[in-house]
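These notes are about the structure you will find just below.
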């Protein structure tokens with residue numbers, strides 16, 4: 001779609017039409033993920049042309065401009081087979097914000113050992129939310145256009161030995177849930193029903209739950225609160241959850257909102273003093 005001007009124009013036109021037809025505030029581009037630098041360059045061209053079209057549509061109709069955001073990798077450089085980098089200049093110019101997907105650091109694709117789903121810190125490397133967000137900032141993104149993602153689900157493994165159950169413990173594959181994934185509400189239910197051992201790991205700011213050979217990595221109260229405070233300390237635009245359906249009692253969603261508001265209030269009070 002993004003390789004030619006005509007296909008980009010067709011996509012942009014249809015996206016604007018659908019957004020207006022259904023009364024959306026805007027559109028979020030979820031391209032997971034550009035695989036080469038050429039595709040990253042086309043990503044930038046798509047944003048350039050989309051922003052022009054949004055501006056022209058608003059001017060011609062008198063309507064409020066549509067918002068435009070994009071879901072991205074947790075950091076600006078994707079270090080796969082061919083290293084490629086997001087077009088940060090185009091993002092700054094054209095997007096209202098990006099949703100950095102700061103999760104899925106480990107999962108079914110790493111079946112031999114348990115791992116953190118969305119660690120804030122990585123004591124042994126750079127696979128972490130703090131590294132991802134700081135990398136975006138170091139690359140020059142406007143801080144208020146950077147939004148931190150957090151998961152409302154867990155990733156599961158089956159332990160090789162139930163007596164060896166920490167982060168990085170040997171595993172024989174995925175554990176309970178749908179293809180090794182469970183909604184946050186399901187993790188809570190599973191832990192309660194199986195009298196699981198629930199651990200908050202301070203070095204990584206993450207949780208895991210262990211019951212027999214079943215191991216689940218996820219986020220909960222303390223990790224979410226710490227992450228929201230960390231995001232505030234960076235003065236970035238905000239946070240989001242994937243996906244709120246996992247928080248059936250709104251426990252985590254409300255906690256995050258209260259933490260964000262409280263932090264903002266403290267900043268305001270400090271300025272007034």
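The values are calculated or read from the model by the stated rules, or taken from the named source; none is laboratory data. If you're wondering where the values come from, they're calculated on a predicted model, not measured in any experiment. With ideal geometry, Cβ positions are generated from the backbone for all residues, glycine too; neighbour counts draw on all protein chains shown.
Please find, among 227, 251, the residue that is out of contact with any strand residue (DSSP E or B) (no Cβ under 9 Å at 6 or more places or on another chain) and modelled with pLDDT of 95 or more.
Numbers: 227 fails: out of contact with any strand residue (DSSP E or B) (no Cβ under 9 Å at 6 or more places or on another chain).
On inspection, the qualifying residue turns out to be 251.
Please tell me if residue 36 is over 24 Å from residue 239 (Cβ atoms) and in contact with a strand residue (DSSP E or B) (Cβ under 9 Å, 6 or more places away or on another chain). Give the derivation first.
Numbers: over 24 Å from residue 239 (Cβ atoms): yes; in contact with a strand residue (DSSP E or B) (Cβ under 9 Å, 6 or more places away or on another chain): yes.
Judged against the criteria, residue 36 is a match.
Using the structure shown, decide if residue 141 is assigned to a loop (DSSP other than H, G, I, E, B) and in contact with a helix residue (DSSP H, G or I) (Cβ under 9 Å, 6 or more places away or on another chain).
Spelling it out, residue 141 is indeed assigned to a loop (DSSP other than H, G, I, E, B) and in contact with a helix residue (DSSP H, G or I) (Cβ under 9 Å, 6 or more places away or on another chain).
I need the full set of residues from region 122-141 which are surrounded by fewer than 20 Cβ atoms within 10 Å (Cβ to Cβ) and touching a strand residue (DSSP E or B) at 6+ places or on another chain (Cβ under 9 Å), in order please.
Residues satisfying the conditions are 135, 137, 139.
Hey, does region 64-71 have a residue that's loosely packed, with under 12 Cβ neighbours inside 10 Å and assigned to a loop (DSSP other than H, G, I, E, B)?
We begin by selecting, within region 64-71, every residue loosely packed, with under 12 Cβ neighbours inside 10 Å; these are 64.
Those left that are additionally assigned to a loop (DSSP other than H, G, I, E, B): 64.
Scanning region 64-71 turns up at least one residue that is loosely packed, with under 12 Cβ neighbours inside 10 Å and assigned to a loop (DSSP other than H, G, I, E, B).
What number of residues in region 57-82 are over 24 Å from residue 25 (Cα atoms) and either in contact with a helix residue (DSSP H, G or I) (Cβ under 8 Å, 6 or more places away or on another chain) or at pLDDT 95 or above (or both)?
Of the residues in region 57-82, 6 are over 24 Å from residue 25 (Cα atoms) and either in contact with a helix residue (DSSP H, G or I) (Cβ under 8 Å, 6 or more places away or on another chain) or at pLDDT 95 or above (or both).
Which of (1) surrounded by fewer than 20 Cβ atoms within 10 Å (Cβ to Cβ); (2) touching a helix residue (DSSP H, G or I) at 6+ places or on another chain (Cβ under 9 Å); (3) assigned to a strand (DSSP E or B) does residue 199 not meet, given it meets every other one?
(2)
For residue 79, work out the one condition from (1) without any contact (Cβ under 8 Å) to a residue 40 or more places away in the chain; (2) within 19 Å of the chain's Cα centre (by Cα); (3) closer than 23 Å to residue 243 by Cβ it doesn't fulfil.
Among (1) without any contact (Cβ under 8 Å) to a residue 40 or more places away in the chain; (2) within 19 Å of the chain's Cα centre (by Cα); (3) closer than 23 Å to residue 243 by Cβ, the lone unmet condition for residue 79 is (3).
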